[in-house]
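Structure, as C-alpha cells:
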Amino acid sequence: MELVMNIAIMLAGFVLLIKGADFFVDGASGIADKFGIPQLVIGLTIVAFGTSAPEAAISISAGLKGNTGIAIGNVVGSNIMNILLILGITSCIVPLAVAKSTRKVEIPFTLLVTLVLVVYGAIFGELNLIGGIILWVFFILFFVHLIKVAKNSEPSAEENVETTKQHSMIMLIIFTIGGLAAIVWGSNLTVDGATAVAKFFHVSDRIIGLTIVAFGTSLPELMTSVTAARKGNADIAVGNIIGSNIFNILFVLGTTALLAPIPYAKNFIFDGIVAIAAVVLLLAGIREGKLGKKAGVTMLVCYAGYFGYLLVA
C-alpha cells in the first residue's frame, strides 16, 4: 500500500510539473510576444526555461535534500533524452528545419558546456561552489549572445496579433505565476515519491534520475517540440531542445552547485560521454539545414541502446 501511495505521489508531481510548465510557457511566451520578441529567441529562452523548470525544481530540491544522484541524473538523463528521444521522435514525424544560428552557435555551445560539466566532474569528483560559478559565467555569456540575436532578428507581427487577441496581459501574468507555483509543488512531490520508490526496489538514485525522473521532466519538451513542429514552428521545436539542454547544465546544475556541493559519481562520467555523443550525433544528422527522418531513426536506435545498457548495468 505504501508503494502505491508513493507511485501516486510521484505521478501527481509529474502532472503538476507538466501542466505547470505548460501554463508557464503559455504565459511567458505570450508576454514576450506582446513585447515583439522574435520566435527563435522565445524558443531559446522562455520556452526553454519553462520546459527546463521541472528539471530545475527537481534538481535543486533533490540537491538540498541530499539526493545528489537524482540531481545530476535528472539533468544528464534529460539532456540525453531531449536529443536522442525527443528530437528523434519529432524529426520522424516531420523534417525539422534548423536555423543557421542554432547550427553554428547554439549546438556547438551545448557541446562545449557538456564537455565542461563532464571534465570538471571527472577531475574534482563533485560540482562545488567554483564549479557552480563557472557554469553561471557560461550562462551569462549565453544570455549576452541571445541579446545580440534579439537585436538582429525581426519579430513576427502575425504571432503578436494572434497572442494578443487570445489573452490579456493580466491573464498571461496569472498563467506565468500559477505555472511556476505548480512546478515547485510538483517537484517536491516527484522527488519524495521517486526517492521512496527507489528505496523500495533498492534501485540507485542515479538510475531513477536517469530514467523515470528524466522522462517525467522531459515530457514538457516532448509536447512542446512535437506541437511546435506540427504547427511549422521549427525554430521553437529545435531551439526549445537546445535551449533547454543549455539551461539544464548552466542554470539548473550551476544554481544547485551554488547552494550545495553535488558529488559527481564515476558512473556519471559514462552518462556524460553519452550526452556529448548525442550532441555530436545531432550535428552530424543535420543535412542541408534540416534534421530528417533518417537522423531521427538513428537517434532513437542509439537511445534504445543506451536505455538497454542502463537496465543491465
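The values are calculated or read from the model by the stated rules, or taken from the named source; none is laboratory data. The structure presented is a predicted model; accordingly, all values stated were derived computationally and were not measured. Note: ideal-geometry Cβ built from the backbone for every residue, glycine included; neighbour counts use all protein chains shown. Just so you know, the surface numbers come from the protein's heavy atoms only, side chains and all, with ligands and any DNA or RNA stripped out. Shrake-Rupley method; radii C 1.70, N 1.55, O 1.52, S 1.80 Å.
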- Note on the structure: If we ask which residues in segment 83-106 are out of contact with any strand residue (DSSP E or B) (no Cβ under 8 Å at 6 or more places or on another chain) and either open to solvent by 10 Å² or more (accessible area, probe 1.4 Å) or at pLDDT 90 or above (or both), their number turns out to be 14
- Query: Conditions: (1) open to solvent by 70 Å² or more (accessible area, probe 1.4 Å); (2) at pLDDT below 90; (3) more than 23 Å from Val238 (Cβ to Cβ). Val137 meets all but one. Number of the miss?
  - Reply: (2)
- Regarding Leu291, is this residue under 15 Å from Val98 (Cα atoms) and under 17 Å from the mean Cα position of the chain (by Cα)? no
- Test result for Asn74, crowded, with 18+ Cβ neighbours inside 10 Å, at pLDDT 90 or above and within 18 Å of Leu127 (Cα to Cα): no
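Based on what the data block shows, is Lys100 farther than 23 Å from Asn188 by Cα and free of Cβ contacts under 8 Å to residues at least 40 places away in the same chain? So that I can check it myself, show each step before the final result.
On the way: farther than 23 Å from Asn188 by Cα: yes; free of Cβ contacts under 8 Å to residues at least 40 places away in the same chain: no.
Criteria not met by Lys100.
Rundown of residues vs (1) out of contact with any Leu (no Cβ under 7 Å at 6 or more places or on another chain); (2) assigned to a helix (DSSP H, G or I); (3) closer than 15 Å to Glu2 by Cα; (4) open to solvent by less than 60 Å² (accessible area, probe 1.4 Å), yes/no style:
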position: Phe175; (1), (2), (3), (4): yes, yes, no, yes
position: Gly179; (1), (2), (3), (4): yes, yes, no, yes
position: Val184; (1), (2), (3), (4): yes, yes, no, no
position: Ala194; (1), (2), (3), (4): yes, yes, yes, yes
position: Lys199; (1), (2), (3), (4): yes, yes, yes, no
position: Val203; (1), (2), (3), (4): yes, no, no, yes
position: Ile208; (1), (2), (3), (4): yes, yes, no, yes
position: Thr211; (1), (2), (3), (4): no, yes, no, yes
